[in-house]
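A short reminder: the numbers here are calculations on the coordinates, not readings from a lab. A quick note: this is a predicted structure, and the numbers were derived from the prediction, not measured. Cβ placement follows ideal geometry from the backbone for every residue including glycine, while neighbour counts extend to all protein chains displayed.
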Amino acid sequence: MHIALASDHAAIGLKTELFAWLVELGHAVTDLGPNSTDSVDYPDYGYKLAAHVAAGKAERGIALCGSGIGISIAVNRNPAVRCALVSEPLSAKLAREHNDANVLAMGARLTGIDMAKACVEAFLTTEFGGGRHAGRVAKLSNPA
């Protein structure tokens, strides 16, 4: 699977660890930055990730910042992207199964590496359930 990652300066460490782990698992991974701990604005990287996923350049995205909140808001500004902020695997699984989330957001200051990996694994291995959820998901990109 092709996965894109983006973060702010607060989440560089978590992004680096997830990048290496995903490559080790055999995924094609794109790091959209940043590449240092110099202060950056999370919306810039959230927008970049959302555009990358919306354009079909990655099947899924992972957005990281200190809390996960700011970058998830930025990512969700793109109507073609459904970003879910999670802190445990069940929420990641349900985000895929019920909401067809294509981007996962987490907070590096709130989520340790083992829990982050568990969330990413649930996110990557769960398929969208379709059925009764399909119409609801369609409304997320095309509000009435």
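Please work out which residue is farthest from Phe19 (Cα to Cα), limiting yourself to segment 50-85 and to residues that are in a strand (DSSP E or B) and touching a Leu at 6+ places or on another chain (Cβ under 7 Å). Only one residue tops the list, namely Ala84.
Look at segment 10-39: where a residue is at negative phi and a partner is β-branched (Val, Ile, Thr) and part of a strand (DSSP E or B), sitting 6+ places away or on another chain with Cβ atoms under 6 Å, you get Phe19/Val29; Leu22/Ile3; Leu22/Val29; Val23/Val29; His27/Ile3; Val29/Ile3. The residues in segment 14-69 that are touching a Gly at 6+ places or on another chain (Cβ under 7 Å) and of a type in the set (Ser, Thr, Tyr) can be counted, and the count is 3.
When segment 40-49 is filtered for residues that are touching a helix residue (DSSP H, G or I) at 6+ places or on another chain (Cβ under 6 Å) and outside any helix (DSSP H, G or I), only Val40 remains. Quick check: is even one residue across segment 61-70 at positive phi, within 15 Å of the chain's Cα centre (by Cα) and crowded, with 21+ Cβ neighbours inside 10 Å? Scanning segment 61-70, I find at least one residue that is at positive phi, within 15 Å of the chain's Cα centre (by Cα) and crowded, with 21+ Cβ neighbours inside 10 Å, so the answer is yes. Residue count for segment 9-39 under the criterion of being more than 15 Å from the chain's Cα centre (by Cα) and within 16 Å of Val75 (Cα to Cα): the result is 1. The one condition from (1) crowded, with 18+ Cβ neighbours inside 10 Å; (2) among the hydrophobic types (A, V, I, L, M, F, W, C); (3) touching a residue at least 60 places away in the same chain (Cβ under 8 Å) that Ala92 does not meet is (3). Restricting Lys139, Lys117, Lys48 to residues that are over 11 Å from the mean Cα position of the chain (by Cα) and more than 20 Å from Lys15 (Cβ to Cβ) narrows the list to Lys139.
Taken over segment 26-51, the residue count meeting the criterion of being closer than 20 Å to Asp114 by Cα and exposed (fewer than 14 other Cβ atoms within 10 Å of the Cβ) is 1. Residue count for segment 94-113, restricted to those that are among the acidic types (Asp, Glu) and either within 19 Å of His2 (Cβ to Cβ) or assigned to a strand (DSSP E or B) (or both): 1.
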